[in-house]
Amino acid sequence: MAFIAIRLYQMREIAQNNKRAKDIPCTEYISGLSWKILWKATEKKTAPPITPPSIYWVYYAIAKLGRWQDSKGSGRVGMKAFWRGWIELMKLVEAYEMFKNFDLD
């Protein structure tokens, strides 16, 4: 769990405090499968892009999965919401991995 917490903290620091966060591809921190599932979970109406989105986008998308609301009063994403979002994303990835092996015909 400590390894995951450190990675989440690193993502948070980069996304919130680095002007280059929109230029850093998310694949430096999460897998290709994870960001595609995250895209489908948060951007329901648009197809995933061909190139991976930025770490900045991933940070806020994970926060939204953790029930963080982007409003004037909400301020920065807290670690509790970010952690909840990460858990939700990992559940979705695990479910995908599990169901792709079933023959559902």
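The values are calculated or read from the model by the stated rules, or taken from the named source; none is laboratory data. All values derive from a computational prediction rather than experimental measurement. Cβ: placed from backbone, ideal geometry, glycine included. Neighbour counts: every protein chain shown.
The requirement of being in contact with a strand residue (DSSP E or B) (Cβ under 6 Å, 6 or more places away or on another chain) and outside any helix (DSSP H, G or I) is satisfied by LYS22.
Only one of MET90, MET11 is loosely packed, with under 15 Cβ neighbours inside 10 Å and of a type in the set (A, V, I, L, M, F, W, C); which?
Residue meeting the stated conditions: MET90.
Here the condition is being modelled with pLDDT of 90 or more, over 21 Å from PRO25 (Cα atoms), surrounded by fewer than 20 Cβ atoms within 10 Å (Cβ to Cβ) and in contact with a helix residue (DSSP H, G or I) (Cβ under 8 Å, 6 or more places away or on another chain); of ARG76, ARG84, ARG67, it holds for ARG84 alone. Taken over the range 49-79, the criterion of being charged (D, E, K, R), more than 14 Å from the chain's Cα centre (by Cα) and either in a helix (DSSP H, G or I) or within 21 Å of ALA21 (Cβ to Cβ) (or both) is satisfied by ASP70, ARG76.
Scanning the range 1-30 for residues that are farther than 16 Å from GLY85 by Cβ and not hydrophobic (A, V, I, L, M, F, W, C) gives GLU13, ASN17, ASN18, LYS19, ARG20, LYS22, ASP23, PRO25, THR27, GLU28. Scanning the range 31-56 for residues that are surrounded by 17 or more Cβ atoms within 10 Å (Cβ to Cβ) and of a type in the set (S, T, N, Q) turns up SER34, THR42, SER54.
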